[in-house]
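Only one structure is covered here, and it is reproduced in the block below.
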Amino acid sequence: MLISTSFLSSKNIPKDLMKLNKTDTDYIHVDVMDSKFVKNKSLPFSEMKNIYKYTDKRLDVHLMVKNPYKYIEQYATLNVEYITVHLELDEDIEDLLNYIKSFGLKCGLAIKPTTPVKDLVPFLPLLDLVIVMSVEPGQGGQEFISGIEDKIKELKTLIQEYKSKALISVDGGINEETKKLCSAASILVSGSFILKEDDFQKQIDKLRN
Ligand code: DX5
Ligand code: ZN
């Protein structure tokens, strides 16, 4: 299982990123919020871009924003592996995914807890990643919504059926217990469970196996 660590709930981002840099977390998950697609707002890019000073991990960027083009262009300049946008946007999704790919990056789609997985079908050939949200997007430290495990399994079946290369990532409320519901996934995004203890590596180890 790959681990992508979210620093959304961090009270000291430089310190926590430097600590995470010494762990074997596979990615740093960057939650970007615009106060339009979700209520909260993250740091502006002019500040967020400084994370390169504290980490050399690859970034897994989760855009919870209404107008993603500007953000894609900005975040594409960082050490990014994946940029993910939301399927629920009122945008031409295929065009957005191709825009991400035009920077030589892997592209992802995220779905909110109530969005059916079958809505992803038209985009499966283009996708490198699907983020299944197991909480309502916009805030760290929430509880995993029960029943999401069925969506993850359903998505796995669809990905196989359509011979898509997309990996499944689960985001929100992941801990030692809820990770057991995510065995069909390849990546677990975790924030508060990892950051709540002083020993980040120990928390990552609990999620990984
Ligand atoms: C929620 C974010 C998540 C969140 C994960 O909107 O997309 O990435 O920060 O944090 P925890 O693990 O605390 O749910
Ligand atoms: Zn996220």
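The values are calculated or read from the model by the stated rules, or taken from the named source; none is laboratory data. Treat the numbers as computed from the prediction; the structure is a model and nothing was measured. Cβ sites come from the backbone with ideal geometry, for glycine too, and all protein chains shown count toward neighbours. We work out accessible area using only protein heavy atoms, side chains counted, and drop any ligands, DNA or RNA first. Shrake-Rupley method; radii C 1.70, N 1.55, O 1.52, S 1.80 Å.
Measuring with a 1.4 Å probe in the full set of protein chains, what accessible area per residue, in whole Å², belongs to the chain? Each step should come with its number before you reach the end.
Numbers: 9760 Å² over 209 residues.
So the chain comes to 47 Å² accessible per residue, rounded to a whole number.
Only Lys, Arg, Asp and Glu count, each charged at its Cβ (+1, +1, -1, -1), so figure out the dipole size of region 44-143 about its Cα centre, rounded to 20 debye. Could you put the intermediate results ahead of the total?
Details: 10 positive and 15 negative charges, 72 e Å.
Result for region 44-143 is approximately 340 debye, rounded to the nearest 20.
What number, in nm² with one decimal, is the all-direction average of the projected area of the convex hull of the alpha-carbon atoms of the chain?
10.3
Leaving ligands, DNA and RNA out of it, work out the accessible area of residue 193 with a 1.4 Å probe and give it in Å² to the nearest 10.
In the full protein context, residue 193 sits at about 20 Å².
Please list, in chain and number order, the residues 5+ apart from residue 106 or on another chain whose amide H is under 5 Å from its amide H, with Hs placed from the backbone.
Counting only residues 5 or more places away or on other chains, the set is 83.
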